[in-house]
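Data block below; observations after.
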Amino acid sequence: LFSMDKNGTMTIDWNEWRDYHLLHPVENIPEIILYWKHSTIFDVGENLTVPDEFTVEERQTGMWWRHLVAGGGAGAVSRTCTAPLDRLKVLMQVHASRSNNMCIIGGFTQMIREGGPRSLWRGNGINVLKIAPESAIKFMAYEQIKRFIGTDQEMLRIHERLLAGSLAGAIAQSSIYPMEVLKTRMALRKTGQYSGMLDCAKNILAKEGMAAFYKGYIPNMLGIIPYAGIDLAVYETLKNTWLQRYAVNSADPGVFVLLACGTISSTCGQLASYPLALVRTRMQAQASVEGAPEVTMRGLFKHILKTEGAFGLYRGLAPNFMKVIPAVSISYVVYENLKMTLGVDSR
């Protein structure tokens with residue numbers, strides 16, 4: 001952007017774009033497009049709905065798995081660095097209430113007092129382990145669904161990509177969902193409760209049966225719909241409103257306006273889907289909380305609204321938002337470095 005932007009407006013007009021490519025010729029324009037395409041998806045510690053897409057050449061040369069490895073490594077590092085905030089979010093979602101008003105500093109102090117500094121990373125092991133199978137299943141499902149749709153084009157139309165991506169995301173999440181339940185139980189465990197992941201899985205299977213590994217599955221799947229839909233709708237509405245009011249001679253709102261629209265739309269999407277995420281976590285944690293009754297999704301919503309009010313549906317939202325910026329930043333730096341190490345960087 002700084003190389004192209006000669007007049008300091010932080011936007012690129014046609015003349016600046018043309019002059020840059022005339023004065024700085026490249027051998028292969030698609031390489032630039034592919035570089036930016038694979039650099040726009042970052043892992044923020046939550047499930048990503050839409051998988052990465054690769055060209056025929058990338059699939060034949062084996063470049064696709066290098067991208068997946070780089071993305072998985074970046075996700076593992078970013079999740080590990082932000083794991084204390086993620087565990088705090090889970091604890092606040094399950095244990096915080098009107099009588100137990102857990103704050104961020106108090107939550108960290110409580111975790112360290114109960115199990116020492118290492119306890120801040122409880123549940124992170126399984127959270128990192130599930131990145132690889134989720135990415136692989138998502139990629140394979142995406143490729144198969146594209147063939148099933150029957151398009152002859154290398155690049156899918158927007159509605160086809162949305163359908164294929166959503167279905168692939170749903171298949172991947174369904175496949176690794178038991179690991180999500182394990183992650184929640186491991187994050188909530190007390191010191192010495194389980195010796196490890198396998199011990200935790202055996203305990204759940206012995207005491208609660210196989211069905212326990214799919215607790216909270218319905219709100220998890222339902223949460224994708226408001227997040228994706230509201231994110232897109234708010235983004236387009238804000239961008240078009242700004243263009244109608246303030247753009248006089250240009251159809252380009254500029255990078256800062258687009259960033260602001262993207263941030264607001266993503267926040268609105270998270271706010272809309274967060275109650276479903278909270279209910280999912282509480283359903284996953286039901287048997288780990290002593291004396292907690294077995295309740296349905298609807299029953300849990302009613303119980304939270306009755307005992308804690310609407311605010312109760314947003315417990316743990318602060319640490320959830322706090323981890324986004326460091327997660328994206330760390331993910332970006334690690335992803336770029338891993339790409340260079342694996343030989344994925346453009347010529």
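Once the stretch 61-75 is narrowed to residues that are hydrophobic (A, V, I, L, M, F, W, C) and open to solvent by less than 20 Å² (accessible area, probe 1.4 Å), the residue that is farthest from the chain's Cα centre (by Cα) is Ala70. Scanning the stretch 114-123 for residues that are assigned to a helix (DSSP H, G or I), in contact (Cβ under 8 Å) with a residue 60 or more places away in the chain and in contact with a helix residue (DSSP H, G or I) (Cβ under 9 Å, 6 or more places away or on another chain) yields a single hit, Ser119. Of the residues making up the stretch 100-113, at least one is open to solvent by 30 Å² or more (accessible area, probe 1.4 Å), farther than 21 Å from Val181 by Cβ, charged (D, E, K, R) and part of a helix (DSSP H, G or I).
Looking only at residues that are among the charged types (D, E, K, R) and within 11 Å of Ala164 (Cα to Cα) in the stretch 128-150, which one is most open to solvent (accessible area, probe 1.4 Å)?
Arg147
Here's the yes/no breakdown for (1) at pLDDT 90 or above; (2) farther than 29 Å from Arg280 by Cα; (3) assigned to a helix (DSSP H, G or I):
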{"residue": "Ile304", "(1), (2), (3)": "yes, no, yes"}
{"residue": "Phe321", "(1), (2), (3)": "no, no, yes"}
{"residue": "Ile325", "(1), (2), (3)": "no, no, yes"}
{"residue": "Val328", "(1), (2), (3)": "no, no, yes"}
{"residue": "Ser331", "(1), (2), (3)": "no, no, yes"}
{"residue": "Lys339", "(1), (2), (3)": "no, yes, yes"}
{"residue": "Asp345", "(1), (2), (3)": "no, yes, no"}
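Results for (1) closer than 21 Å to Ser331 by Cα; (2) at pLDDT 85 or above; (3) of a type in the set (Asp, Glu), shown as yes or no for each residue.
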residue: Phe54; (1), (2), (3): yes, no, no
residue: Gly73; (1), (2), (3): yes, yes, no
residue: Ala76; (1), (2), (3): yes, yes, no
residue: Arg79; (1), (2), (3): yes, yes, no
residue: Leu91; (1), (2), (3): no, yes, no
residue: Val94; (1), (2), (3): no, yes, no
residue: Asn101; (1), (2), (3): no, no, no
residue: Ile105; (1), (2), (3): no, yes, no
residue: Ser119; (1), (2), (3): no, yes, no
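Checking Ala211 against (1) at pLDDT below 85; (2) in a helix (DSSP H, G or I): exactly one of these is not met. Which one? Answer for Ala211: the failing condition is (1).
For the stretch 330-345, a residue qualifies if it is farther than 13 Å from Gly75 by Cβ and either surrounded by fewer than 14 Cβ atoms within 10 Å (Cβ to Cβ) or without any contact (Cβ under 8 Å) to a residue 24 or more places away in the chain (or both), and the qualifying residues are Asn337, Met340, Thr341, Gly343, Asp345. I'd like the residue in the stretch 71-88 that is in contact with a Lys or Arg (Cβ under 7 Å, 6 or more places away or on another chain) and assigned to a helix (DSSP H, G or I) and, out of all such residues, is farthest from Ile112 (Cα to Cα). The selected residue is Asp86.
The values are calculated or read from the model by the stated rules, or taken from the named source; none is laboratory data. Everything numeric here is computed off the predicted structure, so don't read it as measured data. Neighbour counts are summed over all protein chains in view; Cβ atoms, including those assigned to glycine, are modelled from backbone coordinates with ideal geometry. To get the accessible areas, we keep the full protein, side chains included, count just its heavy atoms, and leave off ligands, DNA and RNA. Shrake-Rupley method; radii C 1.70, N 1.55, O 1.52, S 1.80 Å.
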